[in-house]
Each structure stands twice: as C-alpha cells, then as structure tokens.
Amino acid sequence: MKSAATPITTASIKRISPSLGMDIGIMMTTTLRFFANLLALHAFLAVIFFSERALANSVLLTENFDNLAKSNVKLFTQFEQPDSVAGVTGRAWRTDGFYSWGEASVSLQGVNSFTFSTWVALESYPSDLEVTADKLTPSAIVNQRIGDLGFEVYLDTFGRWGLWLATSKGPVNIKATEPFPLYQWNHLAFSLNDKTKTVSLYLNDTLLGKAQMPSFGQFTPANTPLLLAKSHQEVELLNFTINRINGAFDNILLTTEVFSLEKITQMYLTADLSVVDAENALSVPSSRFALDHLRPRYHPMPPANWTNEPHGLVRKNELWHMFYQRTPNGPFKTQMHWGHMVSDDLVTWTDYPDALRPEINQAGFGYDMKGIWSGDVVVDGEQAYAFYTSVNHSDRLTSANPSVSVAMSLDPNLIEWQKVGPIINTQHVEDFRDPYLWQENGNWHMLIGAAYKNYGGLDYYIADKLGPNVKWQHQSNFSSLPYQTMDIGSIIWEMPVFEALTEDVYVLVVNPIGGTIEKYGDPATRGVYWTGTWKNGQFQPHYTKPKMLDVIVGHLSPTVARGEDGAIRAIGIVDERRTAQAQENAGWTHTFSFPRRWFLSQNRLALGQAPAPELVQLRDKLQFNLQKVLISPEPIFVSSELKAYELYIKGQAVE
C-alpha cells in the first residue's frame, strides 16, 4: 500500500507497479496534460472575460451616431430631425452652428482618471460678437463645466483652442499652438492620469501638450450633463445664440482607462482618411430644408445660414466663381467670411470651402478680425487677386480701419489664398467699403464706395499693375458731376459697378444706404444707376438724378462678369424682409437672384436687363396652355403638382 502522504505522480505509480508503470504513466501524463490545457484555456477565457468586463465597466459613454433616433447622446435640433451625414465609420451627427447640440447624462463624480475621445470635422470656427480679442466668449467642442468645476475643450472664433480642467488646487490649461484644422476629420482626445498627476491633450497622432496637475490637487468634476457643440457660456445676438459649433461628430468615447499616445495613434490610424471625406460630412443634408416651401430651388444661394451681397463674379478655366458675404454658423450677421461657389453654366452651383475668414496674430490683433467684407476678384494671367474690405477695432488711419486689403491665389480652383494685407486706407474720405476693379489701356482702376460729409460717393485709385507692393495713385475726380448732387440722401454708397454697355456708353451702379434711406422706409434701400460716357479718365453721366435698378425693392448689389458672348452677366442679392425670428426658424437668410444679361436700351439712356440666356436650359415641356382667361380678383387654379415653374402671360386690357 502506498502511504497516504505519497503524492500520486507518474513516478509513484511506477514504484507500485513496475510492469504497468509505462502504460499507466503515459495514460496519466496525457490525462494530466489534457486537464492542464483545459485549466489553461479556462484561465485564458477568464482573463478575456474579466478584461472585457473590465473594459465594459470602464466605459462611461460611447456613441457612434449610426442611429440618431437611438443615440446615447440626446440630440437637440429645431428642424424635423437631427442631421445625419457620412461619418468616419458609418454615419455621423451634423450640427448647424446656432441651435443644435448634444447632451449626455454621465457623471465623473469619484472618477480620478479618464480619457475622452471623438472624431470631429469643423466647417468653421464658432461665431462671436465683433469685439476685441480679450472680450471673446469661446465655444466648446465638448464640455462638462459649471464655473470653476469640470472640464472643457474650448474653441474661439479665430480657431484658438485648448483643454481646461479643474482641480482642487486650481485649473490646468493646455493651449494648442496652432488653430484647429478645418474641413477635415480630426481625432481629438484628452486624458487625466491620477497616478502620474498629468493631463494630456492629443490631436490625431500627436501629443499637443502634457501638463502636471498642481501638487496635491484632485480633479473636481461638475455635476452637470456633458455637452457637445455647446459652451457653458453662451453669446446672444438679437434672438440668436451665436457661439455654438458648426461641424460633424462621430465615435464618442468616455472611459476611466487612461489611453497612451500609442493607443490614441492606433485609434487615429484605424480610419482610412484617404477614403473618408470630410466634405460629405460637412455638406448640409437635403433633409434639413426638405419641408421648407419658401426656400428657392433654383436660385444660387449658400447651403445654409446667413448670406449678404455676392461679389467677385469671375470666369477662370471655364468655370464661373462667385464669392459672397457669409456667416457660416447661423442666419445672423457677424464675423463676416467670404463664401465661394462655382458653376460651369450659371445655373447649377457647387459649394466650395470659404475662401477668406477673419484672423488675428499672436498679440490678439488682426487687420480683418472684425470681418472680411465685400470686394472684388480679378484674374491677371494665372494670378488671381481678391480685393476686400477689412475691418478691425483700432485707429482709422494708423491701423487701416477700414481698409482695402488684398489676398492672392495661384490655385486653379481659387480655394487656397494668401493674404497680403491692407493697401489703401480712408485718408481721403470719411469711410469706405467694397472695392471694384477693371483694367483699361494697361492700367488698373479701382472704385470704392465712400462716405463724405453727409453724402455718399466714390473713392478712386489707379495702378499700372497688380501685386503685393504696388503703389495705388489717388484720383480726385471720377465723375464730372459732384457726388453731392448725384446722391439721393444717403450717408455712403456701397457695391459700385462700372462697365461699358457699348463702345461709347457706360453704366455706373451703386447702392446708397443710410441717411434718409432705410431698408423698410421710403425711400427704401435700392440699387441705382447712371448711364454716361467715359472720356479722359472721367465718367460723364447723362443725368444727375439716378434711375432705379429695379421696379420694386428687394434686389441689390449685383456682381458682374462677361459671358462667352461678351455681354454682361449680373447676379445680385434678393434682400428679404422676414423678421429675425422667422430667419432663425428657417435656418437661412437671403438668396441670390437669377443671373441677368445687361444691355443698353434703345433710347441709349437706360440699362436694359433680361434673364441670362443660360437659364433656358431650365425649361421643360409645356405643362398647360390656358386661352382666353379673364384676369379678375378671383384666383385662377393652374396646377397643384408643380413645385417650380415659369409663368408667361400675354394679354390685353378689357373694359
């Protein structure tokens, strides 16, 4: 008998029965190996199980936005439904910049370490009031903050951004050194590591900054929901909230794990950004305005939000480029940008990224920080020049406020521009805006809408070439008539246009505003014009009192260029009269006119206008033809099926 203390092993079995030891030993070895492998497999599965459970337990919030109706983040929108767009993986959530935001009920109470990450693509920086840099109120890409508690990834109207995080010994603030990238998907992440007492901020595959927490400091969370695309401090303008985020979000994650740079990089590299295009995510989905029967279907207009005057209509490489005043973040006017759209036929338009936006330097000053206002674009050879009105908060003359500023582009698509800076200030006038250029006999001419003492007029310059170091020569008399006699009671003239209608007859178009002229008053804001001759560098109007550009109010500030037939094409703003609240409810403000063809009337004293011939392609087959219809106060039923139509009426008066 074996001792009770003798372990049962292969060797002990051999001692008990040498003759059977080999077979039994092999059998027991195989059996023990089987059980050992089984135990190892069980242990491996247990590790996976507990690791997965630990990971699951560490996740505080996750959302991929593939199904917005069942999102873990509550999404707010004023439209029929939240905007769903193409994402980094699957679908993404699109914000509008002035109303929409996301909210998640997640608590960081008792959490000392965590990581937050998301994919975000921005169309623009958030809007703000037109104030100096020290008075700005940043927005937030994400925040969970009340006063001095919590955290936020902040972003201001000039793209300056960073991470702010509260501790019991004072806040940690990591400031990014470069503006947040626009028009691309970015993987944003930050982490708090309680063991190392460090806070880290990441963008894509780069550690932007790491900060040490104050000695003996602990993270102090805020007892409030986590917010996306919305700041804890909001800015109001009229009835609008103006400092929310305009962009797209995908794949939100908040976890108590502390991710390393290697982990962050791995998350970034999992997305094939050569295939994933932020342009699709930043396009306004058609569903946003699908139920808006007041929104034009064929007129050129921005994809959403505020627009003002179009300008800089120019042909380059068989494409029409049109630039325009734009607030990309909502249907309100502030921090003006230059929008950009292109067409090959003046009928169908494609939106391009904004061409110009306000900027500041490291000291908090920018010559165009208060807005990129109207101007003109001309092409000289392969070089394009954008002349625009720049505005800031400093001295009128020493800081060129306002000024005509210049940007240059060699990009065949006119997407990339390099700013040169101010070239002309208001030393000869009280105020000015909206430069307009043309070339004649080797010289470049520039007209600028101007204000004199109690009346509007023009400022006039000439240069022999274009470029960053060109000296523009001031000219005293563009018109043979004094501006004071030509003016109609305004303070300043805007958006001048000067073009030849024939070899010997020219037209000057301006838009007087201010003074006795009001948008809703009488006289109302109108485009006006004079025909006349152009001799020896001076315009000689045919008459003193201008003619109205349109029979009724509502069309202003046309931008012009010549078509293949040599005739002028003109597109203006259709200046709507809705209330600010109606504009907010709609999500857009103003549209542009159909293109028109300009010509000299038969009496050679008036500007003739007709629909541009390119519009013919919009015509479809004849839908109905009503004969001998009596026009009376009673409505005439035509059709309930047509959503857009051209109505041609020919008739005669009936006694």
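Here are the numbers:
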quantity: Strands (runs of 3 or more DSSP E) lying entirely in region 506-565 (those with 1 or more residues that are β-branched (Val, Ile, Thr)); calculated: 506-513, 528-535, 555-562
quantity: Selection within region 154-185 - over 19 Å from residue 218 (Cα atoms), of a type in the set (A, V, I, L, M, F, W, C) and touching a strand residue (DSSP E or B) at 6+ places or on another chain (Cβ under 6 Å); calculated: 155, 161, 176, 180, 182, 185
quantity: Any chance residue 384 is of a type in the set (Gly, Ala, Ser) and within 29 Å of residue 280 (Cα to Cα); calculated: yes
quantity: Matching entry among 567, 582, 561, 612 (being open to solvent by less than 30 Å² (accessible area, probe 1.4 Å), among the aliphatic types (A, V, I, L, M), more than 30 Å from residue 461 (Cβ to Cβ) and modelled with pLDDT of 95 or more); calculated: 612
quantity: Qualifying residue in region 165-176 (condition: within 30 Å of residue 340 (Cβ to Cβ) and either touching a Ser or Thr at 6+ places or on another chain (Cβ under 6 Å) or surrounded by 15 or more Cβ atoms within 10 Å (Cβ to Cβ) (or both)); calculated: yes
quantity: One residue from 597, 577 being touching a Gly at 6+ places or on another chain (Cβ under 9 Å), open to solvent by 70 Å² or more (accessible area, probe 1.4 Å), assigned to a strand (DSSP E or B) and not β-branched (Val, Ile, Thr); calculated: 597
quantity: Verdict on residue 290 being modelled with pLDDT of 95 or more and among the small types (Gly, Ala, Ser); calculated: no
quantity: Test: residue in region 317-326 that is open to solvent by less than 30 Å² (accessible area, probe 1.4 Å) and either at pLDDT below 95 or touching a helix residue (DSSP H, G or I) at 6+ places or on another chain (Cβ under 8 Å) (or both); calculated: no
quantity: Complete set of residues in region 611-640 that are part of a loop (DSSP other than H, G, I, E, B) and either of a type in the set (Val, Ile, Thr) or under 35 Å from the mean Cα position of the chain (by Cα) (or both); calculated: 612, 619, 620, 629, 631, 636, 638
quantity: Unmet requirement for residue 69, which otherwise passes all of (1) surrounded by fewer than 23 Cβ atoms within 10 Å (Cβ to Cβ); (2) in contact (Cβ under 8 Å) with a residue 24 or more places away in the chain; calculated: (2)
quantity: Selected residue [open to solvent by 30 Å² or more (accessible area, probe 1.4 Å), acidic (Asp, Glu) and in a helix (DSSP H, G or I)] from 234, 262; calculated: 262
quantity: Residue list for region 128-160, restricted to those being assigned to a strand (DSSP E or B) and more than 20 Å from the chain's Cα centre (by Cα); calculated: 143, 144, 145, 146, 149, 150, 151, 152
quantity: Selection within region 626-646 - closer than 30 Å to residue 345 by Cβ and open to solvent by less than 100 Å² (accessible area, probe 1.4 Å); calculated: 638, 639, 642, 644
quantity: Selection from region 72-88 of residues that are under 16 Å from residue 246 (Cβ atoms), open to solvent by less than 40 Å² (accessible area, probe 1.4 Å) and among the hydrophobic types (A, V, I, L, M, F, W, C); calculated: 75, 79, 85
quantity: Among the candidates 390, 399, residue that is among the hydroxyl-bearing types (Ser, Thr, Tyr) and buried (at least 24 other Cβ atoms within 10 Å of the Cβ); calculated: 390
quantity: Filter pass, residue 200 being modelled with pLDDT under 95, at negative phi and either assigned to a strand (DSSP E or B) or surrounded by fewer than 21 Cβ atoms within 10 Å (Cβ to Cβ) (or both); calculated: no
quantity: Residues being over 21 Å from residue 365 (Cα atoms) and open to solvent by less than 10 Å² (accessible area, probe 1.4 Å) - total across region 132-164; calculated: 9
quantity: Members of region 286-312 that are in a loop (DSSP other than H, G, I, E, B) and open to solvent by 20 Å² or more (accessible area, probe 1.4 Å); calculated: 290, 291, 292, 293, 294, 295, 296, 297, 298, 299, 301, 303
quantity: Complete set of residues in region 476-503 that are assigned to a loop (DSSP other than H, G, I, E, B) and either at positive phi or modelled with pLDDT of 95 or more (or both); calculated: 478, 480, 481, 482, 487, 488, 489, 490, 491, 501, 502, 503
quantity: Every residue from region 102-116 that is in contact (Cβ under 8 Å) with a residue 24 or more places away in the chain and either in contact with a Pro (Cβ under 7 Å, 6 or more places away or on another chain) or surrounded by fewer than 22 Cβ atoms within 10 Å (Cβ to Cβ) (or both); calculated: 103, 104, 105, 106, 107, 108, 109, 111, 112, 113
quantity: Test: residue in region 344-366 that is buried (at least 20 other Cβ atoms within 10 Å of the Cβ), touching a residue at least 12 places away in the same chain (Cβ under 8 Å), closer than 27 Å to residue 612 by Cβ and touching a helix residue (DSSP H, G or I) at 6+ places or on another chain (Cβ under 6 Å); calculated: yes
quantity: Any chance residue 315 is in a loop (DSSP other than H, G, I, E, B), in contact (Cβ under 8 Å) with a residue 60 or more places away in the chain and more than 18 Å from the chain's Cα centre (by Cα); calculated: no
quantity: Members of region 408-432 found to be of a type in the set (A, V, I, L, M, F, W, C), buried (at least 16 other Cβ atoms within 10 Å of the Cβ) and farther than 16 Å from residue 372 by Cα, listed by number; calculated: 414, 429
quantity: Hits in region 433-475 - residues which are part of a strand (DSSP E or B), open to solvent by 10 Å² or more (accessible area, probe 1.4 Å) and more than 20 Å from residue 374 (Cα to Cα); calculated: 440, 443, 455, 473, 474, 475
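Every residue, every condition in (1) free of Cβ contacts under 8 Å to residues at least 12 places away in the same chain; (2) of a type in the set (Phe, Trp, Tyr), yes or no:
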{"residue": "471", "(1), (2)": "yes, no"}
{"residue": "487", "(1), (2)": "no, no"}
{"residue": "493", "(1), (2)": "no, yes"}
{"residue": "496", "(1), (2)": "no, no"}
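The values are calculated or read from the model by the stated rules, or taken from the named source; none is laboratory data. Just so we're clear, the structure is a prediction, and the values are computed from it rather than from any experiment. FYI the Cβ positions are ideal-geometry reconstructions off the backbone, even for glycines, and counts take in every protein chain you see. Protein only, heavy atoms only, side chains kept; ligands, DNA and RNA dropped before computing areas. Shrake-Rupley method; radii C 1.70, N 1.55, O 1.52, S 1.80 Å.
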